[in-house]
Amino acid sequence: MQQFLLRCGVAAPVIYLLTVLLGGAITPGYSHVRQVIGALTAPGAPHRQLLELCFLAYNVATLLFAFGLLWRLWVCRRRNLTVGALLLAGVAICGIFMFFAPTDAPEGPATLQGQLSIALDAARSLLIFLSILVMGLGFRGVPGVSFLWGYSVVSAVLTGMAGLMAAAGSAVRSPLLGVYDRVAMGAFLLWMLVLALVLARVEPQPQPQPQPAPPPEEPEGPAEA
């Protein structure tokens, strides 16, 4: 069961990538360079329902992978690893809730569901950054997988910077908006894939605890006459 949950961390990025490629192929006039991924499921998109179901499958796989991380890393007894896995579960939960809270049409009135969708999307972006960073810090010094901490920190920085560039690009309608969006999401998906592949093969070991020093021996008293 644990291996199945960890393999969901391989399935989730693959489902996401195939969904984006499929959506770009069947959506007339769609540009992977200029448009964000969310445009594939925006109100009025021709294949919105199909693609939303595919993204829902991705989020379910991500949630199962987060449970697999909790199970696999519990032996390490590290708070950062536990919190990081819970944050990853939060990423998936936000995505699942967004399936039931569609965005508003650009020309239509603002609705409560639309405002909730915006809030969930913002929370998901923040949770992605935090989950990578917190879990990366937790891997530091863990026997067998300590190298993941440096990779995770680099991935968190790349995801955060690309996300900020995407936000700025959206404000100025940058022609490279789609590129920024894909770099941010791609760094996260690659991180999840690497984590799944490594942890499926390497079983983390708890960090050895220092043994307490033995009490000093009491000096023997003088021999009695």
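The values are calculated or read from the model by the stated rules, or taken from the named source; none is laboratory data. Fair warning: this is a prediction, and the values are worked out from it, not measured in the lab. Counting neighbours? That spans all protein chains shown, and the Cβs are built from the backbone with ideal geometry, glycine included. Keep in mind that these areas ignore ligands, DNA and RNA; they rest on the heavy atoms of the full protein, side chains included. Shrake-Rupley method; radii C 1.70, N 1.55, O 1.52, S 1.80 Å.
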message = How large a share of the accessible area of the chain, in percent, is made up of carbon and sulfur atoms when the probe is 1.4 Å and the other protein chains stay in place?
response = 68 percent
ask   = Taking the Cβ-Cβ separation of residue 18 and residue 97 as r and a Förster radius of 30 Å, what is the calculated FRET efficiency to the nearest 0.05?
value = 0.85
query = Could you give the accessible area per residue of the chain, probe 1.4 Å, as a whole number in Å²?
reply = 57 Å²
remark   = With residue 149 itself left out, Lys, Arg at +1 and Asp, Glu at -1 over residues whose Cβ is under 14 Å from its Cβ give +2
request  = In debye, nearest 20, what is the charge dipole magnitude of the range 89-207 about its Cα centre with +1 on Lys and Arg Cβ and -1 on Asp and Glu Cβ, if you could check?
outcome  = 300 debye
request  = Using per-residue counts of other Cβ atoms within 10 Å, averaged over each peptide, order 149-160, 33-44 from highest down.
outcome  = 149-160, 33-44
note = With DSSP loop assignment and no more than 12 other C-beta atoms within 10 Å, the trypsin sites (Lys or Arg not before Pro) in the range 51-104 are 77
ask   = Under a plain spin-label model, where a point goes 7 Å from the Cα along Cα-to-Cβ, how far apart in nm are residue 47 and residue 176?
value = 2.9 nm
Spacing of the two label points (7 Å from each Cα toward its C-beta) at residue 154 and residue 75, in nm = 2.7 nm
message = Run through the range 89-197 and list the trypsin sites (Lys or Arg not before Pro) located in a DSSP loop whose Cβ has at most 13 other Cβ atoms within 10 Å.
response = 173
task = Using only the alpha carbons of the chain, determine the length spanned along each of the three principal axes and report them from longest to shortest in whole angstroms.
result = 106, 37, 31
query = Could you give me the ³J(HN,Hα) list for the range 44-57, computed from phi with Karplus coefficients 6.51, -1.76, 1.60 and θ = phi - 60°, whole Hz, x at Gly and Pro?
reply = x, 5, x, 10, 4, 5, 4, 5, 5, 5, 5, 5, 5, 4
task = State the extension gain, in nm to one decimal, for the chain segment bounded by residue 168 and residue 25, taking 0.36 nm per residue of separation less the distance between their alpha-carbons.
result = 48.8 nm
